[in-house]
Amino acid sequence: MNDVTLAKRSEWWLILAVGCLWGLTESAGRMVLHAVGVTHHNGSMLAGFAVLFFAAATALSPRWRTFVVLPVIAAAFKVYIAGLQDQPIFCRGMASNVVYAYFSEALVFGSVVYLAKSSHRASWLGGGVLGAASALIAANAFILAPVVTAQSACLVPGTGFPSSIAGLPYSMAIAALAAPLGFRAGGKVLQWIGARPERRPMAGWPVGASVATACILTVTLIYVL
């Protein structure tokens, strides 16, 4: 097995870590927000915060497969939580709109980054614009959820207005800050690994395995205790 193959496998272990951190955030985020008194637009806030993980993953491995793997991991956390709560896993009501949101948010961000100049990721302003733009497009894409999932999209109570659009000020503001932070976090990890090239093939798996284990244990404790 050559060094290139080992390096690529190392990257995927790091993507696993990022995906698990996103899955943990989505799994516990609403509970935390409710605990601190935030009862409205939680989904929009979490959608904005998800951009942090998308941007970090982009810095680590800017490939299309990255934006498919990340929502798969987040969806796996949803399935796991359903199992912990003894809920039917593959029924129509099993958070299908949430899973749709995961994939649409990730793929929208990947498309926006792909179409933008790579230099935009290097600046706070450019990264902020990429994050806000992806949040804007993803919120509008969520309106199409009923077409894909056959489940009605969330609406503002008492109105017919989509919640994803009403929450845009929150998702865009958070995403505008989260994107440049994520690009820099991912870059710092690569710098740390790249400081010693021989370290890279061996650095990914212990980080990925440790983070994944910690995230799964945390979710288990949250939903079992």
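For every residue, the table says whether it meets (1) within 30 Å of Trp13 (Cβ to Cβ); (2) of a type in the set (Val, Ile, Thr).
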position	(1), (2)
Ser118	yes, no
Ala139	no, no
Val147	no, yes
Pro157	no, no
Gly167	no, no
Ala175	yes, no
Gly186	yes, no
Ile193	yes, yes
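Could you tell me which numbered condition Gly182 fails, if it satisfies all but one of (1) of a type outside the set (A, V, I, L, M, F, W, C); (2) at pLDDT below 85; (3) closer than 24 Å to Phe49 by Cβ?
(2)
In the stretch 79-89, which residues are surrounded by fewer than 19 Cβ atoms within 10 Å (Cβ to Cβ) and under 14 Å from Cys20 (Cα atoms)?
Val79, Tyr80
Can you pull out every residue in the stretch 75-94 that is within 21 Å of the chain's Cα centre (by Cα) and modelled with pLDDT of 80 or more?
Ala75, Ala76, Phe77, Lys78, Val79, Tyr80, Ile81, Ala82
I'd like to check something: does the stretch 109-122 contain any residue that is out of contact with any helix residue (DSSP H, G or I) (no Cβ under 6 Å at 6 or more places or on another chain) and modelled with pLDDT of 95 or more?
For the stretch 109-122, residues out of contact with any helix residue (DSSP H, G or I) (no Cβ under 6 Å at 6 or more places or on another chain) and modelled with pLDDT of 95 or more: present.
I need every pair where a residue in the stretch 125-147 that is within 11 Å of Val51 (Cα to Cα) has its Cβ under 9 Å from the Cβ of a residue that is surrounded by fewer than 16 Cβ atoms within 10 Å (Cβ to Cβ) and modelled with pLDDT of 95 or more, sequence separation at least 6 or different chains.
Close Cβ pairs (under 9 Å, with a partner that is surrounded by fewer than 16 Cβ atoms within 10 Å (Cβ to Cβ) and modelled with pLDDT of 95 or more) amount to Ser134/Ser111.
In this structure, does Ile216 turn out to be modelled with pLDDT of 85 or more, under 15 Å from the mean Cα position of the chain (by Cα) and closer than 19 Å to Ser27 by Cα?
no
Residues that are aliphatic (A, V, I, L, M), modelled with pLDDT of 90 or more, buried (at least 24 other Cβ atoms within 10 Å of the Cβ) and under 30 Å from Ser118 (Cβ atoms): does the stretch 31-46 have at least one?
no
Any residue at all in the stretch 167-179 that is at pLDDT 85 or above and out of contact with any helix residue (DSSP H, G or I) (no Cβ under 9 Å at 6 or more places or on another chain)?
Within the stretch 167-179, not a single residue is at pLDDT 85 or above and out of contact with any helix residue (DSSP H, G or I) (no Cβ under 9 Å at 6 or more places or on another chain).
The values are calculated or read from the model by the stated rules, or taken from the named source; none is laboratory data. It should be emphasised that the depicted structure is a prediction, and the values quoted were computed from it without experimental measurement. Cβ coordinates were reconstructed from backbone atoms using ideal geometry, including for glycine residues, and neighbour counts include every protein chain displayed.
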